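See below for the structure under consideration.
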Amino acid sequence: MEYFRHVLLVLFSLVVFINGDPLVPALCIFGDSVMDAGNNNHLNTLLRANFLPYGRDFITHKPTGRFCNGKLAADYTAELLGFETYPPPYLSTANDTLLLTGANFASAGSGYADQTARLYKAISLPRQVKHYRKWQKSVVSIVGNERANAMFSRGIHILSAGSSDFLQNYYINPALRKLYKPSKIADYLLKSYHTFIESLYGLGVRRIGVTTLPPVGCLPAAITLFGSGHNECIHRINRDAVMFNNKLNATSQDLVASHPDLKVVVFDVYHPLLGLITKPSDNGFFESRRGCCGTGIVETSLLCNSRSTGTCSNATGYVFWDGFHPSEAANQILAQSLLEQGLGLIS
């Protein structure tokens, strides 16, 4: 099966090379800081990444609002699909023609729960859908209904959410932890996921990819904050992530069963990232406990700045850029895995 997938990937790449056209007509991104390409730059929130050293290894060597030293997995995905540009942040794009191949609606600090987005003054998923609806209207006004509807139905839509709900909301809130077990929180979050998919389906979307939770208990900040001094992955948090991912798969299957013309691919991020963390040297890395920025054990956003003491000079050997987010080098590997898993959305 893996060999077959790699062959298909090569064939798709050849199609892009020969025809010069992307494999799909549009790529739209939703979710949280793993996907945010700069929308939070336009919000009154502390969760921004529009300053160095964020973006230092990006093409322009300038910060863009991406929570990374360089490209996001979404950027690499766009390249692999044959796009010449990355989906632009919806809030930063005044020229509608730049949105004709898709847009990025993600917002750092957002999640499945509206409460999570409110905590960090981020753009909630329902609000991201509203922005998407406005994007659709812009596309229709430029290319007409027929071509636009083909873009909406054949374009790929990717969602990454959930980590903020658990790590930056549930686990840090004693009242929530006392009232609700992780399984109940997962059920609550997945109701939001179900609503999100149904909303996009009602807008003509037919090809959706959603990422699982990563091994949240292995993120440098999670180990620092919740590891009780132990310098290793927190198994109970990872078990919660696996539980959520199983429920995510089941909910996605139910959605597809209800809508036979809907394609939903659940991208397994958990195991590819866990592999980079537990066996870094097998993948060309030497550090998977600490991020490159600052001490690497907790910093993100404002705590990761140009004055952060200890920031590494070369992030290519680091799995993580800061305490929460993968490095550009890790994102490249993860994007390759995502494309291989998502071939069903392309064909």
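None of the figures in this text is laboratory data; all of them are computed from the coordinates on show. A quick note: this is a predicted structure, and the numbers were derived from the prediction, not measured. Here Cβ is always computed from backbone atoms with ideal geometry, including for glycine, and neighbour counts include all displayed protein chains.
Annotations
- Among 159, 100, sorting on how many other beta-carbon atoms sit within 10 Å of each Cβ, with the fewest leading, yields 100, 159.
- Taking other C-beta atoms within 10 Å as the exposure proxy, 313, 252, 306 rank 313, 306, 252 from fewest upward.
- Among the listed values (i) -0.22, -0.59, -1.09, -1.22; (ii) -0.30, -0.75, -1.14, -1.24; (iii) -0.19, -0.56, -1.17, -1.36, the one computed from these coordinates for log10 I(q)/I(0) by the Debye sum over Cα atoms at q = 0.06, 0.10, 0.14, 0.15 Å⁻¹ is (iii).
- Pairs from the list 134/184; 71/134; 62/130; 191/263 with a Cα-Cα gap above 23 Å: 134/184; 71/134; 62/130.
- Charge dipole (debye, nearest 20) of the chain; +1 at Cβ of Lys and Arg, -1 at Cβ of Asp and Glu: 900 debye
- Sequence-distant residues sharing a close amide H with residue 158 (under 5 Å, placed H): 28, 29, 30, 209
- Relative contact order (%) - the chain, alpha-carbon pairs under 8 angstrom, separation at least six: 19 percent
- Given R0 = 56 Å, the distance between the Cβ atoms of residue 203 and residue 286 translates into a calculated FRET efficiency of 0.80.
- Toward the positive end of the charge dipole of the chain, with +1 on the Cβ of Lys and Arg and -1 on the Cβ of Asp and Glu, the farthest Cα among 327, 211, 305 is that of 305.
- More than 25 Å apart - percent of Cα-Cα pairs taken over segment 54-179: 34 percent
- Packing-based exposure ordering (other Cβ within 10 Å, fewest first) of 56, 66: 56, 66
- The length gained by stretching the chain between residue 195 and residue 236 to full extension, at 0.36 nm per residue less their Cα-Cα distance, is 11.9 nm.
- Label-zone membership for segment 57-100, site residue 141, 7 angstrom Cα→C-beta point, backbone N under 17 Å: 90-100
- Overall form of segment 229-347 per C-alpha gyration tensor (a/c, 1.5; a/b vs b/c): prolate
- Converting phi to 3J(HN,Hα) with the Karplus coefficients 6.51, -1.76 and 1.60 and the offset θ = phi - 60°, segment 178-193 yields 6, 7, 10, 6, x, 5, 6, 4, 4, 4, 5, 5, 6, 5, 5, 4 Hz in sequence order, with x at every glycine or proline.
- Shown for the chain: cysteine residues without a partner Cβ closer than 4.7 Å, namely 28, 68.
- Part-to-part distance (alpha-carbon centres) for segment 279-308 and segment 327-347, which is given in Å: 22 Å
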